[in-house]
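Peer 1: Could you have a look at this structure, given as structure tokens, before my questions?
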Ligand code: SF4
């Protein structure tokens with residue numbers, strides 16, 4: 001099956017008891033601003049075309065962002081920052097992402113995460129990260145024919161992405177190269193697919209964007225480089 005089929009299976013996953021409980025509890029209590037909304041409260045699939053050349057990999061859906069809207073990075077501050085940057089680079093049809101029916105299209109980019117359910121405090125456990133890895137591996141394997149580059153947003157993403165790529169048919173060096181903003185890595189495939197370029201960027205969380213650790217220009221810079229490496 002293709003990505004649509006994978007996403008359908010994913011949205012039924014209940015493998016992590018703590019995250020299943022949390023995503024439903026958040027939906028039951030809601031936030032005042034969203035009290036009239038029906039929360040998604042399920043695993044959030046990746047978003048973007050099935051023949052993407054670039055994967056942008058975050059951490060996990062936000063409780064009142066992706067867990068509410070059902071689309072990665074949609075409806076929270078991190079996503080506002082990321083989609084505005086993707087739009088600035090010409091990879092998104094509009095700078096805003098508010099809900100699944102907002103008309104946003106990504107050009108050659110798939111936005112996804114190594115953990116597909118919202119975790120408390122945005123902190124998945126190592127077990128939850130490992131339990132969710134096969135979903136990311138399967139997604140990357142389906143994208144493999146077109147995939148040329150990936151951006152890992154933050155150290156958690158970097159550390160989860162590399163083994164997922166290993167399971168999806170790329171050779172990952174050991175010891176694993178360390179994460180850094182601007183870190184770059186080239187992976188060869190175990191078959192005849194072309195090499196894959198990996199870039200690290202700080203995650204566009206408010207913790208990083210409010211403090212200026214990650215500025216808009218810094219993210220645009222990494223995404224511009226990634227787009228070039230991906231041939232976009
Ligand atoms: Fe399933 Fe991943 Fe959600 Fe865990 S985090 S329940 S493995 S989709």
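Peer 1: Mind checking the angle between helix 155-167 and the chain's longest principal axis? C-alpha axes, 0 to 90 degrees, to the nearest 10.
Peer 2: 60 degrees
Peer 1: Next question, about the same structure. So for the stretch 191-232, what percent of the C-alpha to C-alpha distances run longer than 16 Å?
Peer 2: The answer is 45 percent, as a whole percent.
Peer 1: Next up: For the pair residue 105/residue 93, report the inter-label distance in nm, with labels modelled 7 Å from Cα in the Cβ direction.
Peer 2: About 0.4 nm, to one decimal.
Peer 1: If you build a Gaussian network model of the chain, linking Cα atoms that sit under 10 Å apart, which residue out of 24, 192, 128 swings the most?
Peer 2: Highest fluctuation among the options: 192.
Peer 1: What length, rounded to one decimal in nm, is gained on full extension from residue 188 through to residue 125, with 0.36 nm per residue of separation minus their alpha-carbon distance?
Peer 2: Full extension from residue 188 to residue 125 adds 19.7 nm.
Peer 1: While we're looking at this one, here's another question. Could you state the number of Å between the C-alpha centres of the stretch 62-125 and the stretch 16-31?
Peer 2: When both Cα centres are located, 19 Å separates them.
Peer 1: In degrees, nearest 10, range 0 to 90: what is the angle between the Cα axis of helix 216-230 and the longest Cα principal axis of the chain?
Peer 2: 50 degrees
Peer 1: So how much slack lies between residue 51 and residue 8, counting 0.36 nm per residue of separation and subtracting their Cα-Cα distance, in nm?
Peer 2: Gain in length upon complete extension: 13.7 nm.
Peer 1: Past the 28 angstrom mark, what percentage of all C-alpha to C-alpha distances in the stretch 3-230 do you count?
Peer 2: Everything past 28 Å amounts to 23 percent.
Peer 1: Same structure again: Once you treat every alpha carbon in the stretch 115-185 as an equal point and sum by Debye, what is log10 I(q)/I(0) at q = 0.20, 0.26 Å⁻¹?
Peer 2: With one equal scatterer per Cα and no solvent, log10 I(q)/I(0) is -0.91, -1.36.
Peer 1: Using only Cα atoms, find the angle between the long axis of helix 17-29 and the longest principal axis of the chain, and express it within 0 to 90 degrees, rounded to the nearest 10.
Peer 2: 50 degrees
Peer 1: Between residue 220 and residue 24, with labels modelled 7 Å along Cα→Cβ, what's the label distance in nm to one decimal, could you check?
Peer 2: Once both label points are built, they end up 4.5 nm from each other.
Laboratory data are not the source of any read-out in this text; all were calculated from the coordinates shown. Because the structure is predicted, anything quoted here is derived from the model rather than measured. All Cβ positions, even for glycine, are placed from backbone atoms using ideal geometry, and neighbour counts span all protein chains on display.
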